[in-house]
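Taking it in order: structure first as structure tokens, then the write-up.
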Amino acid sequence: MTVKMKTHITSRTQGVSNKIVDENKENIVKISVKDFNFYYEKSQALKNINLKIKENTVVGIIGPSGCGKSTFLRCFNRMNDMISGIKYEGAICIDGKNIFDKELDIVDLRRNIGMVFQKSNPFPKTIFENVAYGLRINGIRNKEYISEKVSRSLRNAALWDEVKDRLNQSAFSLSGGQQQRLCIARALAVEPEVLLLDEPASALDPIATAKVEELIHELKKKYTIIIVTHNMQQAARVSDYTAFFMMGELVEHDLTSKIFTKPSKKITEDYITGRFG
Amino acid sequence: MCRIKERLIHGLFFLNGFFVVIILLGIFSLLVFTSIPAFKEINIIEFLFSAVWNPDAYVKHSYGILAMIVSTFMVTVGALVIAFPLGIATAAYLSDVAGQRTREIAKPVVEILAGIPSVVIGFLGIVMVGPLIAKIFHLHNGLNAVNGSVLLAVMALPTIISISEDALNSVPVSYEEASLALGATPWQTIVRVKIPAAVSGIIAACMLGMGRAIGETMTVLMATGCAPAMPESFLGPVRTMTSTIAIELGEVPYNTTHYYALFGVGLVLFIITFLVNMTADIVLHKHEKIVK
Amino acid sequence: MKKRQITQVLGFNFLRLCIALVILILAVILYDIVSKGMGQISWEFLTSMPKDGMTKGGIFPAIIGTFFVTVITALLSIPLGMGCAIYLNEYSKKGKITRLIRMSIRNLSGVPSIVYGLFGVVLFVQLLHLSTSILSAGLTLGLMTLPWTITASEEALKNVPQYYRDGAQALGATKWQAIRTNVLPYAVPGMLTGTILGLSRAAGETAPILFTGAAFYLPFLPRSLSDQFMALPYHLYVMATQHHAIEKVRPIAYGTALVLIVLIFCMNFFAIFIRYKLRKVRIK
């Protein structure tokens, strides 16, 4: 029985073993979440979350639908603020500063934290203008600077070669996978330090997904990345650490290799082996 | 700095949004305040329940608006009797029976009909409908309540058609499928399932149509003959609240009892349409809840 | 045939008859006015003043008057209506005040046009001392069209996907920046279309301008916004009911009705054209 399950785990998590995170390398803690609670109207969506995220790592957040993982992600750049009747408790500190501090400017926060949404959401502008949007709203007018920045962002998002001859075409002329990478480029252009990815590949085909995942690997060198995903193989492939959420609680958080091979809690194992969710 | 600017913009838009509340309150309170002086001289019971409106009499001015209220309702009811069946049948046809092509023709027809100014409809009441009525009923002239009703029906039709059609379209497809699956014909499905399911929406449509008819001025002013007395029959001339205001306000001096009394008529008109529209609103809300 | 099939055929034919009747009504209206008004239309009719006690001549001052009043109406109604729609769709939160605002809009759209006329007389003519003028009449009509403008503008804003706002704000745009740069550009064509449709209705209204500035006859064109004016719908009313030689001026009345209807159609087509044209630009 146990043996059978073990093989099952390995088959679902191929690729984990050959990804080595250097545990000795002392990464600085970039984000720390302390005793964090979140409420919609009267119901509590997140319960007492504690979590530390190191710089230049990828943290995968997994869990069944409705467990609060997208809500959690949207707390980091306070996108939930747009919903009425919400309440925060506790703290999320980025570089030691609490993002719920009254003095903090929410706009500065969002400029510092890029976000890519579940459904690719290019604006109805040209490819160039999509990437330049974040710069323009920041009041940058210098044309050379903008075009330099746009091309570098597109290169970083591994999209440059595919679009360099058609920058003035509508963003809607791109394929789904290209649109998603365009959204990543758009987020990169404002030079964030943290990237939030909300199921970035859920609407993409396998080839496009592979490209996005490859890109995440590259981006890790410069950014701290938090990625919500439905797809466990994806979490296993791209993330260094994995956090498992259930019913608004953080059940377990550890190195991806550990979570997928020797989870310390029974319920994590059940989820990963596909008993539910 | 940035935040202050954002707050300021938010505040400005809020003030802008709240402006409509101020207008509605403003209309109501100006009507009230301008009509109050009239009631220093006129007994309010007499105002509402006397049928004699004779502000120009030498001996005793009388300001009773009952005849106008009755006229208004006569014309309105007449209009609804015509527009209600016609409007609902058209809406039912458009939402359930019509093919793509019929719909493409009918939709603009309804929109264009809604766009024809009331003064043009009133003009046609004089030159076309009036003579026709006179011929049919052997009357001296055709400027009477029936004429007004026919014209108001035309004016209320677009409202009734488009809102009823929305109501019918919002009935879940599952109702229709269930009915058809039980072996009902499409006709039975429309009559026994869809129309009953949409009934509150349809009623609301008619009430909104009615609100429009009560408040309509130019058509009734031009086509109903405007005799200021208690109407005797549908074939006699009538004078509604709206046409009384339209005829007399231009001729009375400002700030006389007669002037204030006309605002009193406006206030009554405002309250009646307000109640009709509010009721329609509540009924429509109920429909939305049921459909959901 | 079975009984219920017969019922169905009869029923459907009854519905067809009804819709045919509705179409027939419009056809008769348009046919009557076009056929009888057409003969009246000439360059002179459109560009000259009324002559000989309005039994001859043209309707130029009425056209000009309607034009100026509609401009004033637009100047009041467009910014206020759009602003209110932006507040409702972008800023407002669910609550009593929002409900109150929405209720007011629905009720304002049901207030009879003659009541707007009464309101205009007291507010603009008497209290604000604007006299019976283009300005008073235009402002009165502007208030009347406000609910239509708001409803149409909000509809246009609703059609802009939510992610345009979220995406922009996630990039660090402030709320207003997001609205200004990433919502309004896509909503404005729809807003304008709805607004112009509302204005076309205002241009045909008579009751609100009866006491706020429209004149029976003026021997000159309005020189400023505080002058009285002649307007197409009021001119038609005068020609149809108030003239001393009604039968004699019937053709002029028909001509005026035709010009009025054509003007309203033109505004409608213009509105639809704007939507079409600007949508094309945007997709590119």
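Key figures
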| read-out | value |
| --- | --- |
| Of residues in the stretch B:261-281 being buried (at least 23 other Cβ atoms within 10 Å of the Cβ) and under 19 Å from B:Glu41 (Cα atoms), the one nearest to the other protein chains (Cβ to nearest Cβ) | B:Gly266 |
| Helices (runs of 4 or more DSSP H) wholly inside the stretch C:145-256 containing at least 3 residues that are without any contact (Cβ under 8 Å) to a residue 12 or more places away in the chain | C:162-170, C:175-182 |
| Which listed residue is within 13 Å of chain C (Cβ to nearest Cβ) and in contact (Cβ under 8 Å) with a residue 12 or more places away in the chain, from A:Phe117, A:Phe128 | A:Phe117 |
| Among the candidates C:Phe216, C:Phe229, C:Phe220, residue that is more than 12 Å from every other protein chain (Cβ to nearest Cβ) and surrounded by fewer than 24 Cβ atoms within 10 Å (Cβ to Cβ) | C:Phe220 |
| One residue from C:Leu184, C:Leu199, C:Leu221 being among the aliphatic types (A, V, I, L, M) and modelled with pLDDT under 90 | C:Leu221 |
| Selected residue [within 30 Å of C:Ala253 (Cβ to Cβ), within 27 Å of the chain's Cα centre (by Cα), at pLDDT 90 or above and surrounded by 16 or more Cβ atoms within 10 Å (Cβ to Cβ)] from C:Gly81, C:Gly37, C:Gly58 | C:Gly37 |
| Pick from the stretch C:257-276, criterion more than 10 Å from chain B (Cβ to nearest Cβ), in contact (Cβ under 8 Å) with a residue 24 or more places away in the chain and of a type outside the set (A, V, I, L, M), ranking: surrounded by the most Cβ atoms within 10 Å (Cβ to Cβ) | C:Arg275 |
| Any hit, the stretch A:74-83, residues being of a type in the set (Lys, Arg) and over 25 Å from B:Glu6 (Cα atoms) | no |
| Candidate set: the stretch A:122-134, residues that are in contact with a Phe, Trp or Tyr (Cβ under 8 Å, 6 or more places away or on another chain) and not charged (D, E, K, R); chosen: the one surrounded by the fewest Cβ atoms within 10 Å (Cβ to Cβ) | A:Pro124 |
| Members of the stretch B:24-48 found to be under 20 Å from B:Thr273 (Cα atoms) and touching a strand residue (DSSP E or B) at 6+ places or on another chain (Cβ under 6 Å), listed by number | B:Phe47 |
| Meets criteria (farther than 24 Å from B:Leu269 by Cα and either outside any helix (DSSP H, G or I) or modelled with pLDDT of 95 or more (or both)) for C:Ser131 | yes |
| Wholly within the stretch B:162-227, helices (runs of 4 or more DSSP H) carrying at least 2 residues that are hydroxyl-bearing (Ser, Thr, Tyr) | B:173-181 |
| Condition check for B:Leu66: within 26 Å of the chain's Cα centre (by Cα), within 8 Å of another protein chain (Cβ to nearest Cβ) and not aromatic (Phe, Trp, Tyr) | no |
| Answer from C:Thr98, C:Thr73, C:Thr47, C:Thr55 - the residue that is of a type in the set (Ser, Thr, Tyr) and either touching a Lys or Arg at 6+ places or on another chain (Cβ under 8 Å) or not assigned by TED's automatic domain parsing to the domain that holds C:Leu135 (or both) | C:Thr55 |
| Single residue of the stretch B:20-46 satisfying the filter (of a type in the set (Gly, Ala, Ser) and touching a residue at least 12 places away in the same chain (Cβ under 8 Å)) that is nearest to C:Leu141 (Cα to Cα) | B:Ser35 |
| When residues of the stretch B:180-218 are limited to those that are within 13 Å of chain C (Cβ to nearest Cβ) and among the polar types (S, T, N, Q), the one surrounded by the most Cβ atoms within 10 Å (Cβ to Cβ) | B:Thr217 |
| Counted residues, the stretch B:106-120 - those being more than 23 Å from B:Thr224 (Cβ to Cβ) and more than 7 Å from chain C (Cβ to nearest Cβ) | 4 |
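The values are calculated or read from the model by the stated rules, or taken from the named source; none is laboratory data. Bear in mind that the values here come from a model prediction, so they are computed numbers and not experimental data. All Cβ positions, glycine included, derive from the backbone under ideal geometry; neighbour counts span all protein chains shown.
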